[in-house]
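**Student:** First the structure, then my questions, so here it is.
The values are calculated or read from the model by the stated rules, or taken from the named source; none is laboratory data. Remember, it's a predicted structure, so these values are computed and weren't measured experimentally. Cβ coordinates were reconstructed from backbone atoms using ideal geometry, including for glycine residues, and neighbour counts include every protein chain displayed.
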C-alpha cells in the first residue's frame, strides 16, 4: 500500500520526505568523504594522463634507437590514446561525485530540499555511469573468454 501512495505522489510531484538532524549529518559526512575521494580521483586522472604522455615519448625514444629487438614505432601514440581515454572515463564519475558532494554539504548546511534533490541526481548519474562501464567491462571479458575457448577448440 505504501508503494501506491509513493508512486501517486511521485507522479504528482508532491512527495514530502523529511530528513532529521541525524540524516543531515550523514549527508554532510557523505559529502565530505565524497569530496575527498573526488579530489583524489581528479589527481589520479591527471597522473594517468601524464603517464600516458611520458610513456608515449619513452616508446618513441626506444623505437628511434638502433638495434631495438621489437619494432615499437607508433606504439607510443596508441598508448597515449588509451591512457587519455582511461583518464577521461575516470574523470566523468569523479566529476559527478564532486557535484554530489558539494550539493550534499550545502544541502545539509542550508536544509534545502532542492539541493538534496540535485545531490541525489548527481549520485544517481555517478552510479549509472559506473554501472554502465562495469557492464561493458564484464561483456568485454566475457567476449575474451569466449574467444579463448573458440581458439583453444580450434587447436
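**Student:** From 48, 105, grab the single residue that is surrounded by 12 or more Cβ atoms within 10 Å (Cβ to Cβ), modelled with pLDDT of 75 or more and under 20 Å from residue 133 (Cβ atoms).
**Tutor:** When all the criteria are applied, what remains is 48.
**Student:** Does any residue of segment 61-75 turn out to be exposed (fewer than 12 other Cβ atoms within 10 Å of the Cβ), over 14 Å from the mean Cα position of the chain (by Cα), in a helix (DSSP H, G or I) and modelled with pLDDT of 75 or more?
**Tutor:** no
**Student:** Surrounded by fewer than 16 Cβ atoms within 10 Å (Cβ to Cβ), out of contact with any strand residue (DSSP E or B) (no Cβ under 9 Å at 6 or more places or on another chain), at pLDDT 95 or above and over 30 Å from residue 28 (Cα atoms): which single residue out of 145, 54, 81 fits that description?
**Tutor:** Exactly one of 145, 54, 81 is surrounded by fewer than 16 Cβ atoms within 10 Å (Cβ to Cβ), out of contact with any strand residue (DSSP E or B) (no Cβ under 9 Å at 6 or more places or on another chain), at pLDDT 95 or above and over 30 Å from residue 28 (Cα atoms), namely 145.
**Student:** Picking from 150, 116, 88, 130, which residue would you name as being on the phi < 0 side of the Ramachandran plot, buried (at least 17 other Cβ atoms within 10 Å of the Cβ), at pLDDT 90 or above and out of contact with any strand residue (DSSP E or B) (no Cβ under 8 Å at 6 or more places or on another chain)?
**Tutor:** None of the others qualify; the one that does is 116.
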